Amino acid sequence: QVHLVQSGGGLVQSGGSLRLSCQVSGSILGINVMGWYRQEPGKLRDMVTIITSSDDTTYATSVKGRFTLSRDSTKKTMYLQMNSLKPEDTAVYYCNIRKFGIDYWGKGTLVTVYS
């Protein structure tokens, strides 16, 4: 059984920074994609950033240069460092892994950026 436990998020002023964490319980064997998504009220969930098992990283254009995905395999934890936050970054952020072709999601954490 795989569970993703998210932490971080909260309220921050425009221009500020936050870091989200996502810890994977269970074996990490078979994970070939990890990443972060976000969803604004009334909108579809969008990809923020993903990383493959070969360390290829993709960022959404809107966050490129401001957000950084990293991971610590020893802690089975993935991070999303968010800098220069803007009000339009306000959303619920979800971590995701794809393991043997199955998607697993964290419960989501709210990030609110005020101007």
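Summary table below
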| item | result |
| --- | --- |
| With every protein chain in place, the stretch 2-108: carbon and sulfur % of accessible area (1.4 Å) | 51 |
| In nm, spacing of pseudo-spin labels at Gln13 and Ser27 (7 Å Cα→C-beta vector) | 4.9 |
| Computed E for Thr58/Tyr114 - FRET, C-beta separation, R0 35 angstrom, nearest 0.05 | 0.75 |
| Karplus 3J(HN,Hα) series, Hz, for the stretch 78-95 with 6.51 cos²θ - 1.76 cosθ + 1.60 (x for Gly, Pro) | 10, 10, 10, 8, 10, 10, 6, 5, 10, x, 6, 7, 4, 4, 8, 9, 10, 8 |
| Set of lysines near Lys86 by C-alpha distance (under 25 Å), chain-local residues within fewer than 8 positions excluded | Lys43, Lys64, Lys107 |
| Three semi-axes of the equivalent ellipsoid, the stretch 68-115, Cα gyration tensor, whole Å, largest first | 24, 14, 8 |
| Local net charge near Asp89, Cβ-Cβ under 14 Å (Lys/Arg +1, Asp/Glu -1) | +3 |
| Per residue solvent-accessible surface (Å²) - the chain, probe of 1.4 Å | 55 |
| Calculated FRET value between Thr77 and Asp46, using beta carbons and R₀ = 25 Å, to 0.05 | 0.65 |
| Whole-Å semi-axes of the chain's equivalent ellipsoid (Cα gyration tensor) | 23, 14, 13 |
| Total formal charge among the other residues, if their Cβ is under 11 angstrom from that of Leu4, Lys/Arg +1 and Asp/Glu -1 | +2 |
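The values are calculated or read from the model by the stated rules, or taken from the named source; none is laboratory data. Values in this document were obtained by computation on a predicted structure and should not be read as measured data. As a convention, Cβ positions derive from the backbone with ideal geometry for all residues, glycine included, and neighbour counts pool all protein chains shown. Heads up: the accessible areas ignore ligands, DNA and RNA and are worked out on the full protein's heavy atoms, side chains in. Shrake-Rupley method; radii C 1.70, N 1.55, O 1.52, S 1.80 Å.
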